[in-house]
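Visitor: Let me give you the structure first, and then I'll get to my questions.
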Amino acid sequence: MNKLFAKLYRLIIAVFILIAGVTFERTGLIELLSDPYEYPVIMALFNQHLYMVTISMVFATIIGITAGIVLTRRRFRKYAGICMYIIGLGQTIPSLAVLALSMSFLGIGMTPAIFALTIYSILPIARNTLAGITAVPPELIDAAKGMGMPPMRILMEVEIPNAMQVILTGFRVALIINIGTAALAYVIGAGGLGDLIFTGISLMQTDKLLAGAIPVTLLALFADFLSELLGLLLVSRGLRLSR
């Protein structure tokens, strides 16, 4: 039965690749990508998109994890609800509105786009960090205190490792949202693959539309795969097996 499913899976993949190849040829995508003048432009837009996602995710991860950790400390725990509400406003507001608001006081270009993407990506990371650390069994923390471990060491060696799988789930969600939202940065002059997508839509050129949409899709799939690898590296084997 497993061999049958494996053969069926390979057949479906082969048919999909064949259909995709025919579609790309008929829409002119292959001709567009092989054009020596268009290909460097597409790669430049891809690099802009990747740059926006990378920088904004670095800022969002630092801010989100820091906020989540601080709100789990005893003296700040009572402020967790209001702080998470304020952080959540970034995703309550539509992404285009966040981009427009950032453009109103930062101008146009890459800077307001990175700022807006950072604001839009903080919530999943902060929320999962807070939830993951809060869910660490109290007996583990009591055992660490009984061994004489200081609070910082308990945080780094007990709480964060046990919460890492939940934190990475928030990181994965934020990363995929970020990649998709970055395509909208084109409307405030930040470039990226959204340039190709919106140009293809406005000019009704399917080849340009696909040249922007397909890399965004592949980038999101690669980000999901990268998150899985991070889980294997950062989450201990015992915790993975227990779950």
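The values are calculated or read from the model by the stated rules, or taken from the named source; none is laboratory data. Since the model is a prediction, treat every value here as computed from it, not as a measurement. Cβ coordinates were reconstructed from backbone atoms using ideal geometry, including for glycine residues, and neighbour counts include every protein chain displayed.
Visitor: Go through the residues of segment 101-114 one by one and say whether even a single one is within 15 Å of the chain's Cα centre (by Cα) and within 18 Å of R172 (Cβ to Cβ).
Guide: For segment 101-114, residues within 15 Å of the chain's Cα centre (by Cα) and within 18 Å of R172 (Cβ to Cβ): absent.
Visitor: On to the next question. Of these, G170, G180, which one is in the same structural domain as I69 (by TED's automatic domain parsing), assigned to a helix (DSSP H, G or I), of a type outside the set (S, T, Y) and within 22 Å of I82 (Cα to Cα)?
Guide: Step by step, each of G170, G180 is checked, and only G170 is in the same structural domain as I69 (by TED's automatic domain parsing), assigned to a helix (DSSP H, G or I), of a type outside the set (S, T, Y) and within 22 Å of I82 (Cα to Cα).
Visitor: Can you find even one residue in segment 167-176 that is surrounded by 17 or more Cβ atoms within 10 Å (Cβ to Cβ), closer than 23 Å to L123 by Cβ and in contact with a Lys or Arg (Cβ under 7 Å, 6 or more places away or on another chain)?
Guide: The answer is yes, given that some residue of segment 167-176 is surrounded by 17 or more Cβ atoms within 10 Å (Cβ to Cβ), closer than 23 Å to L123 by Cβ and in contact with a Lys or Arg (Cβ under 7 Å, 6 or more places away or on another chain).
Visitor: I need the helices (runs of 4 or more DSSP H) fully contained in segment 41-147, keeping only those with at least 2 residues that are in contact (Cβ under 8 Å) with a residue 60 or more places away in the chain.
Guide: Helices (runs of 4 or more DSSP H) meeting the threshold: 95-106, 110-134.
Visitor: In segment 58-67, which residues are under 11 Å from the mean Cα position of the chain (by Cα) and surrounded by fewer than 23 Cβ atoms within 10 Å (Cβ to Cβ)?
Guide: V58, T61
Visitor: Can you pull out the residues in segment 213-238 that are buried (at least 16 other Cβ atoms within 10 Å of the Cβ) and modelled with pLDDT under 85?
Guide: Answer for segment 213-238, where residues must be buried (at least 16 other Cβ atoms within 10 Å of the Cβ) and modelled with pLDDT under 85: G231, V235.
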